Amino acid sequence: MGGKIQSYRDLEVWQQGMTLAEACYHLTKTFPKEEVYGFVGQIRRAAVSIPANIAEGYGREYRNEYIQFLRIAQGSLKELETHLLLAVRVDLISIQIAQPILDHCESTGKLLRALLRALQKT
């Protein structure tokens, strides 16, 4: 993004997080009904937590609080990856279906780390 950041919605990392959460919602619609309170809920909660924590941190008054919320988002990202990998291992989805979302997790993680580094330097 070339423009000035006026809101968390202008952050590429938040936008990527929203796209990731949306992809996870679509993915879990294909899961068996008996997984609604298992994998479906876990994957959706972890995925939504990523952009939600980025937004919440952005709205905080102090830089250290912002950094803490970005770290929580990082943790949710790793949790999401773990749920997806386990869903593959227990044959709920194929690796071919999971891989694009895992790749998106990786690119979102890189943006999160870059934002954290930038905030920690100043």
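Each reported figure results from applying straightforward, stated rules to the coordinates on display, with no laboratory input. Everything numeric here is computed off the predicted structure, so don't read it as measured data. Cβ atoms come from the backbone with ideal geometry, glycine included; neighbour counts cover every protein chain shown.
For the chain, find the longest principal axis of its Cα atoms and tell me its angle to the long axis of helix 95-121, 0 to 90°, nearest 10. Here the helix axis deviates by roughly 20 degrees.
Between R89 and R63, the modelled label-to-label distance comes to 4.0 nm, taking each label 7 Å out from Cα in the direction of the beta carbon. Tilt of helix 41-58 relative to the longest C-alpha principal axis of the chain, in degrees (0 to 90, nearest 10)? Its long axis makes an angle of about 10 degrees. Taking θ as phi - 60° and the Karplus parameters 6.51, -1.76 and 1.60, the scalar couplings of segment 19-30 work out to 5, 5, 4, 4, 4, 5, 4, 5, 4, 6, 4, 8 Hz in sequence order, x denoting glycine and proline.
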